[in-house]
Structure formats: structure tokens, C-alpha cells
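**Student:** Structure incoming, see below.
The values are calculated or read from the model by the stated rules, or taken from the named source; none is laboratory data. For clarity, every value in this text was computed on a predicted model and none was experimentally measured. Ideal geometry is used to build each Cβ from the backbone, glycine not excepted, and the neighbour counts take in all protein chains shown.
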Amino acid sequence: MARELPLPPKVGMVSLGCPKNLVDSERILTKLRADGYALSPDYAGADVVLVNTCGFLDSAKEESLEAIGEAIAENGRVIVTGCMGAEAEVIRSRFPQVLAVTGAHQYEQVVGAVHEAAPVPPSPFVDLVPERDLKLTPRHYSYLKISEGCNHRCSFCIIPALRGDLASRRPDAILREAEKLVAAGTRELLVISQDTSAYGLDLRHADYPLKGGGAVRAHLTDLARALGGLGAWVRLHYVYPYPHVDQLIPLMAEGLVLPYLDIPFQHAAPAVLRRMKRPANDAKVLDRIRAWRAICPDIALRSTFVVGFPGETEADFEYLLEWLDEAQLDRVGAFRFEPVAGAAANALPDPVPEPVKEERYARLMAKTAAISAAKLRAKVGRTLDVIIDRVDGDGASGRSKADAPEIDGEVHLRDAGHLAPGAIVPVRIEDADEHDLYGVPRA
Ligand code: SF4
């Protein structure tokens, strides 16, 4: 049976006043959409209604109050924002049931109020960030979402149906957010989106002026270079191997971007990839991996794979295992195929029986664990930069440039009680197992 996902909460919007207010409304809705909300065209379907008010003239104020009254009568769950937010008492005295009142351009507050009034239920099928992290991202690393939605239509995926086509954020806005994060103590920026390589396609890769002068192009290469200039580690997730991804590798070799690529390959057998309708499904990807390693020998490649996709034969699966032998990926996550309500793949013939899925999953995990163990063993004796995540008594745990938080391995340190979370220190690696490294900070 297909797994039913919780529906995203719906937000209704009434936008009053001048074109500037309309731009604000669009910004708020773009942010809410990026956060996983759907939009409701009417009062009845909305979980919460935003009224973006105008307070320029008395007549506009009256119109705003009428709109708030109508939204309360029709829906009941109303958040007020915009120019009339400056007169919160007037609004509250007339409509005490209003959930929140925020002022003009207070995007964070209004978005925060929506999150409080109608939280998005977490879902492992659509969330880019591990659930546990939502509340507890330590200050020293931050997720930076650069776009939302996706232009592809992979047959097992419902993201495009839920979140729509690719909608990239402006590169100048991303840079501003990243600068603020770095100023507030972030030492590692984790770039996420559904399809990071496609960034800026919908913005036609245009140039956007920067406040301090100059401009930045809405293209992943340019954005990555600009982010790399901020002095924090920059880690790229959900990168599909489109041809221009090759341009990122020199940035890694230069040290501007971490030598790390998270590429969700999902499978290797051409027939399975075709049925999955995967993007950048390039038979030459192994050659490209070799070329990347020639330019940047330390590049760490992480990927995820699905086993037991409908129609996957034993030969397809063995093809995948052989491909993994060649690709020598550093980190691999795997899933057993599970139908998700609304996904096209559910209608595909030849479902793989559960015991076969289990057996293939175990074989895949054994293969990738052996590869990972050998790769980690080769690091023993080297000195690696490690970012400290936790300090516990005399020990500490952190990650090398090859490890993303939550999904990859860790580096466990002894004699490290003096370190603070967020510190980046050279560590001599003394030991390794299948997933983790062990070492001591160098004096
Ligand atoms: S690339 Fe495919 S799997 Fe990824 S979000 Fe788009 S449709 Fe879904």
C-alpha cells in the first residue's frame, strides 16, 4: 500500500495597498512555499489567512480593518501584517481573536507566526534537512536553502506535485543571508535545495547587483564561488551531475568550496534509471568521477540509492554493485523502495517482493560499508581539519571536510576537552572503523 503523506498546511493571502506591499506579499509567500506551505486561493481551504494591510490613508486603514473582519468571519485564523501592524492596539481592540500582528517588511516575524499557527508536519520523503536538526542546528553550521521545487518528474517522487517547479532565490538575497549567518557564528554553510545544480535556471542565470558594488550571476558556479569567499566551509548537497558541475571541482581544489559532493544517484542500471526518469542520467558518469578525482584527489562523494524499484532485476542489481566497485563512493545511504501516495512509480509493473528487497538492501549495505571502511583506513596517519560539534568531558566529536552533519560519519577525539564547538582544528587520525575516524588534536 502506498504511504500517505501529511498534506502541507495551506496559507491564504489578502494583499492590500500599493505595489510595494504586493512585493512584500510575494516575498512572504515565496518564503512560505520554500518552507513547505501550499497556497489556498480561498478562505475555506486555508489553515491560516494572512492579511497584508495598508495604513497610508484613513480610507486605506478602514479598508484594511474590513478585510481583517472578513477574513475572521470567513476563516477565523488570521495573522495581520503590513503597514497597519504599526497600530497593533487598534487591530487587537477591534479583533481580539487575531493570532498575531506584525509590521511592514518584518518577514521573519510573519513567517514565524505562520509556522506557529500552522506547523508543517515533518516528512522524510520531502524534507531536505534531517528532522532532528530542525530544532537543534548548532550555531556553527547552518542550512542555506537556495531554491525550492523541481523541474524533473522522477517517477518515485512527489516533490514537484507538492512544491511546484524550480523557484530559485535571488543570489544577492542568498548571499545576504549567508553573510548574516557567518557574522552570527556559522562556520559551515550547508547548501540545500531539491536540485542544486539547476540553481538559477528559472532566473535565466541573470546578474543581480550586490549592495557593496559588483554583481553575482544566478548560477551555481558563481554562487558557490561567492559563498566560498565568506570564510566559512561551504558544503553542496543534492547536486545532479549536469555538465557544468565539472566547473565546481576547481573551486574545491582551490579550497573555496569543501571537496564534497552529495549526488543522489539512486541507481546505476540504465533500465532502472530510465523507469525512474532520473535527471543527468549519464552513462559516462564514472569517467567524470575519475576526472574529478584527478583534479581534486580528496573529493568525497556521497550518494543515496534505492533498491527494489519496480522491475529491478537481479542483473540490474548486480550492475549497481559492480558500478559501486568502480565508483568507490565515500558515503552511501540506501533505501528500500516504498510507494508514496501520488507517485507515478506506484503504477509500474513487476514490483519486487519484500524479502528480495531486504536481501538486496543487505548486500548493498555490506558492499558500501566495505568500501567506506577501506577509504577511512587509508586516512589513518594523516592530519585532517575537523570542525568540532560536541565536547564531552575530555573527548570531543566533530567532522572532517568529508562528513556532513547527521548523514555521514564523525571524527572522535581524545584529549580534546579544551576545544569549543565550532572550532576547526587539525587532527591526527589514529584509527578508523566502517563509518568513523578516531584521532587526537595536534598541538
Ligand atoms: S530531481 Fe527527481 S527526486 Fe529530486 S526532487 Fe526532482 S523529481 Fe524529486
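**Student:** Can you tell me which residues in segment 13-28 are more than 14 Å from residue 113 (Cβ to Cβ) and modelled with pLDDT of 80 or more?
**Tutor:** Of everything in segment 13-28, those that are more than 14 Å from residue 113 (Cβ to Cβ) and modelled with pLDDT of 80 or more turn out to be 14, 15, 16, 25.
**Student:** Sticking with this one: Given the residues 201, 227, which is the only one that is within 16 Å of the ligand (Cβ to nearest atom) and within 30 Å of residue 26 (Cα to Cα)?
**Tutor:** 201
**Student:** Of the numbered conditions (1) on the phi > 0 side of the Ramachandran plot; (2) small (Gly, Ala, Ser); (3) touching a Ser or Thr at 6+ places or on another chain (Cβ under 6 Å), residue 344 fails exactly one; give the number of that condition.
**Tutor:** (1)
For (1) in the same structural domain as residue 354 (by TED's automatic domain parsing); (2) of a type in the set (Asp, Glu); (3) at negative phi; (4) at pLDDT 95 or above, each residue gets a yes or a no:
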residue: 279; (1), (2), (3), (4): yes, no, yes, no
residue: 285; (1), (2), (3), (4): yes, no, yes, no
residue: 301; (1), (2), (3), (4): yes, no, yes, yes
residue: 305; (1), (2), (3), (4): yes, no, yes, yes
residue: 309; (1), (2), (3), (4): yes, no, yes, yes
residue: 312; (1), (2), (3), (4): yes, yes, yes, yes
residue: 320; (1), (2), (3), (4): yes, no, yes, yes
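**Student:** Sort out which residues of segment 223-244 are without any contact (Cβ under 8 Å) to a residue 40 or more places away in the chain and either part of a helix (DSSP H, G or I) or of a type outside the set (Gly, Ala, Ser) (or both), and write them in order of number.
**Tutor:** Result: 224, 225, 228, 243.
Residues are listed down the side, and each one gets a yes or a no for (1) among the acidic types (Asp, Glu); (2) more than 26 Å from residue 158 (Cβ to Cβ); (3) not assigned by TED's automatic domain parsing to the domain that holds residue 161:
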| residue | (1), (2), (3) |
| --- | --- |
| 42 | yes, no, yes |
| 48 | no, no, yes |
| 65 | no, yes, yes |
| 69 | no, yes, yes |
| 72 | no, yes, yes |
| 75 | no, yes, yes |
| 81 | no, yes, yes |
| 87 | yes, yes, yes |
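**Student:** Let me ask another. Over 20 Å from residue 304 (Cα atoms), without any contact (Cβ under 8 Å) to a residue 12 or more places away in the chain and within 30 Å of the chain's Cα centre (by Cα): does that describe residue 374?
**Tutor:** Here the answer is no, as residue 374 does not meet what is asked.
**Student:** Identify the residue in segment 208-218 that is surrounded by fewer than 21 Cβ atoms within 10 Å (Cβ to Cβ) and in a loop (DSSP other than H, G, I, E, B) and, among all such residues, is farthest from the ligand (Cβ to nearest atom).
**Tutor:** Going through the qualifying residues, I end up with 213.
**Student:** Quick one: count up the residues across segment 245-280 that are assigned to a helix (DSSP H, G or I) and either within 16 Å of the ligand (Cβ to nearest atom) or closer than 21 Å to residue 407 by Cα (or both).
**Tutor:** Qualifying residue count for the region: 7.
**Student:** Counting just the residues of segment 149-174 that are free of Cβ contacts under 8 Å to residues at least 40 places away in the same chain and near the ligand (Cβ under 7 Å from one of its atoms), which one comes out surrounded by the most Cβ atoms within 10 Å (Cβ to Cβ)?
**Tutor:** 159
**Student:** Return the residue satisfying two criteria in turn: it lies in segment 112-148 and is part of a loop (DSSP other than H, G, I, E, B), closer than 25 Å to residue 230 by Cβ and within 16 Å of the ligand (Cβ to nearest atom), and of such residues it is modelled with the lowest pLDDT.
**Tutor:** Applying the filter and picking the extreme gives 129.
**Student:** Is at least one residue of segment 301-324 under 19 Å from residue 240 (Cβ atoms), within 25 Å of the chain's Cα centre (by Cα), among the aliphatic types (A, V, I, L, M) and not in a helix (DSSP H, G or I)?
**Tutor:** Within segment 301-324, one or more residues are under 19 Å from residue 240 (Cβ atoms), within 25 Å of the chain's Cα centre (by Cα), among the aliphatic types (A, V, I, L, M) and not in a helix (DSSP H, G or I).
**Student:** Still on this model: Of the residues 225, 235, only one is assigned by TED's automatic domain parsing to the domain that holds residue 346 and farther than 24 Å from residue 406 by Cβ; which?
**Tutor:** Criteria check complete, one pass: 225.
**Student:** Go through the residues of segment 177-188 one by one and say whether even a single one is surrounded by 18 or more Cβ atoms within 10 Å (Cβ to Cβ), at negative phi, modelled with pLDDT of 95 or more and in contact with a strand residue (DSSP E or B) (Cβ under 8 Å, 6 or more places away or on another chain).
**Tutor:** Yes, the conditions are met somewhere in segment 177-188.
**Student:** Checking residue 46 against (1) modelled with pLDDT of 90 or more; (2) more than 24 Å from residue 149 (Cα to Cα), only one condition comes out false. Which one?
**Tutor:** Exception for residue 46: condition (2).
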